Amino acid sequence: MIDFLKVLVKDKTIINHIHKNELLIWKSSSEQLSHFDQETINSKETKVYNGILFCFFEKKLEILIRPHYYHNGNLHNANDFSSAECIKVLNSIILELNLPDLSSFHIVNIEFGLNTFVPIDVKNFVRFISYHGRNEFRTDSDHPHSKKSSTYRKGNRNQYKIIKAYAKSVQFPEYTEGDVFRFEVKSKKSRYIKKLGIYSIEDLLLEQTYLTLGDQLYKEYKTVLLLDQDLDLSSLNENEKTLLLKLSNPLYWEKLLNLNRNTFQNNKKRYTKLLDKTGYNLLRETRKIMKDKIASLCCANSHILIK
């Protein structure tokens, strides 16, 4: 489930202990002027161990880990990655590197998500994904057929929470079969990460943490608005057909953003009811698929949290 972690260590004794570890291979050293006074020189030394980056600064250490990739020999993250497998990966890293006092390894950046089958062409599925809450999904250049959603302030993306949606089977066709979609949550803010009950790497060794992550993934997906453009209107009367076509138009929802929040939500409910009346609601079907996938990736009691 966990795709990326940035871990921060400030304890000098622990930093020195890790720096001396002979398993770490020197990668690079760099110096640059401080952004604050343009006089102070900040130095960074980077070491690597099996794809894990250890960035040593003067007063801190940042560790960049990709658990899912690590699990697959750093080749891809296109398959399923369960909570048990993630815990096993993190435990192996901790043991191999002899990391002490795990409470000092603070999580300051996290990405978690899952891969799941979708019942239509995954490229079209990503194209149909339009909103997360009232935040529009925008084309993202990180991957082919990829989108991101976040709040924006003064033209800049808010790092508190970013939702990513993309065609995993297009990115890694050699490691996938069928139409595989990936849905991710990313945060660079400790306030959000702490809301998940995650403070240090210790918390990522607990099964309960993954139940919380799975629950959060499902909650985020439930707020997605998917504007299906391949509708069968044969079961609707003329007024219903006209209304559903209007509600399927992305421009209509752009206009609603300028109105109050209730108007947006009420139209979303109308849209969902009409989709149900057609006999096929793609979003409702994929919610069930995602719910089942989360349950399979977490422990057997995951249904308690996922509603």
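The values are calculated or read from the model by the stated rules, or taken from the named source; none is laboratory data. Fair warning: this is a prediction, and the values are worked out from it, not measured in the lab. For neighbour counting, all protein chains shown are included, and Cβ atoms are generated from backbone atoms with ideal geometry for every residue, glycine included.
Summary table below
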item	result
Verdict on S190 being touching a residue at least 60 places away in the same chain (Cβ under 8 Å) and in the same structural domain as F125 (by TED's automatic domain parsing)	yes
Looking only at region 191-232, and only at residues there that are touching a Cys at 6+ places or on another chain (Cβ under 6 Å) and surrounded by 15 or more Cβ atoms within 10 Å (Cβ to Cβ), the one that is farthest from I2 (Cα to Cα)	L211
Of all residues making up region 195-232, the number that are of a type in the set (F, W, Y) and without any contact (Cβ under 8 Å) to a residue 40 or more places away in the chain	0
Filtered residues of region 262-301 (kept if within 19 Å of T242 (Cβ to Cβ) and of a type in the set (A, V, I, L, M, F, W, C))	L274, L275
Residue within region 241-258 that is in a loop (DSSP other than H, G, I, E, B), of a type in the set (S, T, N, Q), more than 20 Å from S130 (Cβ to Cβ) and at pLDDT 95 or above present	no
Test: residue in region 84-98 that is closer than 14 Å to M1 by Cβ, surrounded by 20 or more Cβ atoms within 10 Å (Cβ to Cβ) and touching a strand residue (DSSP E or B) at 6+ places or on another chain (Cβ under 7 Å)	yes
Selected residue [assigned by TED's automatic domain parsing to the domain that holds I289 and in a helix (DSSP H, G or I)] from I120, I94, I63, I110	I94
The lone exception for D276 - which of (1) over 19 Å from V224 (Cβ atoms); (2) surrounded by fewer than 12 Cβ atoms within 10 Å (Cβ to Cβ) it fails	(1)
Search result, residues across region 91-137 that are within 19 Å of K268 (Cα to Cα) and among the hydroxyl-bearing types (S, T, Y)	S130, Y131
Restricting region 66-83 to residues that are in a helix (DSSP H, G or I) and touching a helix residue (DSSP H, G or I) at 6+ places or on another chain (Cβ under 8 Å), the residue that is surrounded by the most Cβ atoms within 10 Å (Cβ to Cβ)	H68
